[in-house]
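Take a look at the structure below.
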Amino acid sequence: HVHWLDALDDLRVSPELADIVRARVRIQDSAASAVEQALRRVIVNVGGELRAALPGDTVTDAVRREILATTLRDLRDLLDDAGLAEARGRFFGRFDDVDDLAEELLEVAGVDEAARILDEPATRLGLDAAEGRQLRAWQGKIETPMAERILDGLQTSLTGESLTSVIERIVDAEDRSVGSATTEARTMIAEYDRAAQEEATLGAEREGYEFLRVYLGPEDRITRPFCRELVGKAFDRDEIAGLNNGQTATAPLFSGGGYNCRHSFVAMSAAAVAESGVQRGTINDVQAANAAGRSRR
């Protein structure tokens, strides 16, 4: 991300705003990296937990009955004992850092006493709901699939194979899955980041402030056509509401151009947009982005 973070200076946003965007990306990078390292430790520990739970190397009738009686909940408990609960806690602990940056963004945007905005009941409700969505995503896309793969690996390997071989194959398969799980984690914290920024902005708007939202992020060889039509331009909420990235059920305000997108909307006052020279987007840009999104389905 270093190259495009430096290129933020070319978009004419203030240095303070560029620094916040850089900090947001660094949090996403560090949180995803920490998840990757934690999951690899968990997988090593899972091998040890399974060997302790299923002693010996022969699939006896008693061991077979024990494996067949194992439930998904048992595997979730095993994963938590192996360190997954700790990894989950550390990952979601980074969401507080994201909240702090949302407050900083309001300060840069000229909101008085910005720190209290995120403590307002309506804003807090939105942030809690956004975190709840990502917790469900963590459970559904990381924890449950991991438990299901381990359970399937155990219950389909009960004849003609030693327990040691079964466990080694399960550990190897889980290790190969870490890359996709890390991408899921990065997407989760990026979506929460966008939600936190938007909830903070909405909180300020409820108090009478008015903002446009500038679509910031890279414009390089891997930028989606949908994002390419929007990057570096400022839009109002009605225009943003008309966007459809053609990939996600989640609104582009929170998902950007789709899975693993590197872009997000950032609040700026109309005066700041005009002063900085940021281009004012139009409904034609929205329609062009939607067309580009549909063409990539």
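What follows draws every value from the coordinates through simple rules; no lab data is involved. Predicted, not measured: the structure shown is a model, and the values here were computed from it. So basically every Cβ, Gly included, is an ideal-geometry build from the backbone, and we count neighbours across all protein chains shown.
Once the chain is represented by equal point scatterers at the alpha-carbon sites, with solvent omitted, what log10 I(q)/I(0) does the Debye formula produce at q = 0.12, 0.14, 0.16 Å⁻¹?
-0.80, -0.98, -1.18
So how far apart, in nm, are the two label points at ASN284 and THR144 if each is 7 Å from Cα heading toward Cβ?
Placing both labels 7 Å beyond Cα along the Cβ direction yields 4.6 nm.
Pull up all non-local amide H partners of VAL266: gap of 5 or more, or a different chain, and H-to-H distance under 5 Å with H placed in the peptide plane.
Under 5 Å from the amide H of VAL266 lie the amide H atoms of VAL214, TYR215, LEU216, each far enough along the sequence or on another chain.
Ordered by residue, what ³J(HN,Hα) values in Hz, to whole numbers, does the range 192-202 give under the Karplus form 6.51 cos²θ - 1.76 cosθ + 1.60, where θ = phi - 60° and Gly and Pro are x?
5, 4, 4, 5, 5, 4, 6, 4, 4, 5, 4
Mind giving me the FRET efficiency for ASP97 and GLN155? R0 is 35 Å, r the Cβ-Cβ distance, nearest 0.05 is fine.
In this case the efficiency is close to 0.30.
Hey, rough spin-label estimate for GLU86 and ALA23, points 7 angstrom out along Cα→Cβ, what's it come to in nanometres?
My value for the distance between the label points is 2.9 nm.
Sum up the charges of everything whose Cβ sits under 13 Å from the Cβ of GLU49, counting Lys and Arg as +1 and Asp and Glu as -1, but leave GLU49 out.
-2
What's the angle, to the nearest 10 degrees (0 to 90), between helix 95-108's Cα axis and the longest principal axis of the chain?
Computed tilt is about 0 degrees.
What is the spin-label model distance, in nm, from ALA52 to ALA115 if the labels are put 7 Å beyond Cα along the C-beta direction?
Distance between the two pseudo-spin positions: 4.4 nm.
State the three equivalent ellipsoid semi-axes of the range 29-110, derived from the C-alpha gyration tensor as the square roots of 5 times its eigenvalues, in descending order and whole Å.
42, 12, 7
Collect residues whose amide H, placed 1.01 Å from N in the peptide plane, falls under 5 Å from the amide H of GLN279; neighbours closer than 5 in sequence don't count.
Result for GLN279 returns ALA234.
How about the range 48-155: which GluC sites (Glu not before Pro) there are in a DSSP loop, with at most 14 other Cβ atoms within 10 Å of their Cβ?
Sparse-neighbourhood loop GluC sites (Glu not before Pro): GLU113.
Farthest toward the dipole's positive end in the chain, which of LEU101, MET146, VAL214, given Cβ charges of +1 (Lys, Arg) and -1 (Asp, Glu) about the Cα centre?
MET146
Only Lys, Arg, Asp and Glu count, each charged at its Cβ (+1, +1, -1, -1), so figure out the dipole size of the range 48-111 about its Cα centre, rounded to 20 debye.
Taking the Cα centre of the range 48-111 as origin, the dipole is about 600 debye.
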